[in-house]
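Starting off with a structure, shown below.
No value in this document is a laboratory result; all are computed from the given coordinates. Just so it is clear, the structure is predicted and the values come from calculations on it, not from any experiment. Using ideal geometry, Cβ is built from the backbone for each residue, glycine included, and neighbour counts are taken over all protein chains shown.
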Amino acid sequence: MRAVLRLLDGLARVSGVFAMVLLAAATVVVTQMVFSRYVLGASTVWQTEFVIYATTAAMMLGSPYVLALGGHVGVDLLVEASGPGLRRILALISGLASLCFVGALAWSGFGFLYEAASNGWTTDTIWALPLWIPFWPVPFAMGLMGLQLIAQTVVAMTGGLPERGA
């Protein structure tokens, strides 16, 4: 189980770094767009679309990293006040509910990705970006979050990781 958790943690870190790079790129592109429009008086074609897709992808790709850190917002008043048995039940309920939501997003995201890639969908703009590019972060990130949720639920249900050598 430790190896699986390390692998998922590594994938979450890579996903988080990629999200950070996308946010940095979006910031640079916004700066370039403002300079081009208001200083040079030039029009912008692809910049707005890139920033929208990059920030959306960064949000999706950053979420597995936040989950791995335990940084998602949660109300744990009931959990902290309960005993170990009830904590396991609550962990199972929250894990399954989260897994259903994330699984639905991953499944529908994969469907959109498949349709966009196989049918050659592009955006209806001058840039005509192939839509598989902005669609791939959804099934990837939600699939990774699903695997993390399964692992975290198993760890919570078993009372934590076994000691080394056990």
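Pull up all non-local amide H partners of T122: gap of 5 or more, or a different chain, and H-to-H distance under 5 Å with H placed in the peptide plane.
Residues meeting the amide H criterion: L131.
By how many nm would the segment from T125 to D9 grow when fully extended, if each residue of separation counts as 0.36 nm and the alpha-carbon distance is taken off? Could you put the intermediate results ahead of the total?
On the way: separation 116, 0.36 × 116 = 41.76 nm, distance 3.77 nm.
Additional length available on full extension: 38.0 nm.
Springs between alpha-carbon atoms under 10 Å, Gaussian network over the chain: tell me which of L99, L77, L149 tops the mean-square fluctuations.
Fluctuation is largest for L77.
To continue, here is another question. If you compute Rg/Rh (Cα atoms, Kirkwood Rh) for the structure shown, which of [x] 1.03; [y] 1.08; [z] 1.10 do you land on?
[z]
Using DSSP to call loops (not H, G, I, E or B), can you name the GluC sites (Glu not before Pro) in the range 70-166 whose Cβ has at most 11 other Cβ atoms within 10 angstrom?
Values: sites: E80, E115, E163; in loops: E163.
Loop-located and lightly packed - E163.
Whole-Hz Karplus ³J(HN,Hα) for the range 125-134, in order, using 6.51 cos²θ - 1.76 cosθ + 1.60 and θ = phi - 60°, x for Gly and Pro?
10, 4, 5, 6, 5, x, 6, 5, 5, x
Among M20, M33, M60, which one moves the most in a GNM of the chain with springs linking Cα atoms closer than 10 Å?
M33
Shifting gears a bit: Quote the relative contact order of the chain in percent (integer), defining contacts as alpha-carbon pairs under 8 Å separated by 6+ residues. Write down the numbers at each step before the final one.
Values: 167 pairs, mean separation 47.5, N = 166.
Once normalised by length, the contact order is 29 percent.
Please check: in the Gaussian network model of the chain (C-alpha springs, under 10 Å), which one of V138, V75, V102 has the largest mean-square fluctuation.
Top of the fluctuation ranking is V75.
Helix-derived [θ] at 222 nm for the chain: sum -39500 (n - 2.57) over DSSP H runs of at least 4, divide by residue count, nearest 500?
On the way: 6 runs with 127 residues, N = 166.
Mean residue ellipticity at 222 nm (helix-derived): -26500 deg cm²/dmol.
With a ≥ b ≥ c the root eigenvalues of the C-alpha gyration tensor of the range 88-166, is it rounded (a/c under 1.5), prolate (a/b larger than b/c) or oblate?
Working: a/c = 4.62, a/b = 2.93, b/c = 1.57.
Cα axes put the range 88-166 in the prolate bin.
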